[in-house]
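What follows is a short report on a single structure.
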Amino acid sequence: MSDLTRTVEAQAEALADGVYGALLRDIVADELRPGTWLKERDLSERYGVSRVPVRQALHRLESEGFVQTAPRRGAVVSPVTGADIEELFDARLCIEPFASRQAALRVAAGAPARRLGDVLAASEASFAEGADLDGIALNLRFHAEVLALSGNSLLARSLQPMLGRMEWIFRRTSRTGEPDQLREHRALYDAILSGDGQLAAAVAYAHIERGRRPALEALGPMPAP
């Protein structure tokens, strides 16, 4: 493969990633609400790109459950159901407590936790300053940093498809549980920093499970699956 070919492919991938990010933000922010038809031509005009990166972005969003496609009908923004939320919390309970345990054990073995602490401090500052959207983004990054600190790259990548749905929830529930969320993040950070793997796993499990019912209640009546 020539350098030119690699450059072209990298540019195409970056363009598709950009369209994916823009589409996801618009869906999460309810600018593109459930049931909205997503026509490739309209989206290419909206984001100033050709249809190819739009098509790639739609395929990725479909794999993450944000978009549904039908033959000869195109794509539509998927409704979020109560079952979707339950499945998300269940999946997180399978992944994040174990990652928190591994992160604590790696810290005990000498791995630095500075990045995790910096993200936590930045999220606390953002909410204190009223910059809720920044705080939400940093809360998501905190969860991603815990998985990164676990040292298991496959485990870390497993969270990526869930981050969009987590942001969808956090945007709708941050005001209902923000102080508790911040305190629980601080408790998780302290547990990881202590190097106690069992404690970190328990704190992570409790943190996720505590958020399930408030999230469902704050989201209100959900469409049937």
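The values are calculated or read from the model by the stated rules, or taken from the named source; none is laboratory data. All values derive from a computational prediction rather than experimental measurement. Cβ atoms come from the backbone with ideal geometry, glycine included; neighbour counts cover every protein chain shown.
Listing for the model above:
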{"item": "Filtered residue count, the range 43-69, keeping only those that are among the acidic types (Asp, Glu) and either assigned to a loop (DSSP other than H, G, I, E, B) or not assigned by TED's automatic domain parsing to the domain that holds ASP17 (or both)", "result": "1"}
{"item": "Single residue of GLY151, GLY164 found to be under 30 Å from LEU61 (Cβ atoms), in a helix (DSSP H, G or I) and not charged (D, E, K, R)", "result": "GLY164"}
{"item": "Given (1) buried (at least 16 other Cβ atoms within 10 Å of the Cβ); (2) free of Cβ contacts under 8 Å to residues at least 24 places away in the same chain, index of the condition ARG73 fails", "result": "(1)"}
{"item": "Scope the range 179-198; condition crowded, with 17+ Cβ neighbours inside 10 Å and part of a helix (DSSP H, G or I); matching residues", "result": "GLN181, LEU182, GLU184, HIS185, LEU188, TYR189, ALA191, ILE192, GLY197"}
{"item": "Selected residue [under 30 Å from ASP180 (Cα atoms), modelled with pLDDT of 95 or more and not assigned by TED's automatic domain parsing to the domain that holds LEU15] from ALA128, ALA104", "result": "ALA104"}
{"item": "Selection count where residues are surrounded by fewer than 19 Cβ atoms within 10 Å (Cβ to Cβ) and either assigned to a helix (DSSP H, G or I) or small (Gly, Ala, Ser) (or both), scope the range 106-131", "result": "16"}
{"item": "Hits in the range 44-59 - residues which are surrounded by fewer than 19 Cβ atoms within 10 Å (Cβ to Cβ) and touching a residue at least 40 places away in the same chain (Cβ under 8 Å)", "result": "VAL52, GLN56"}
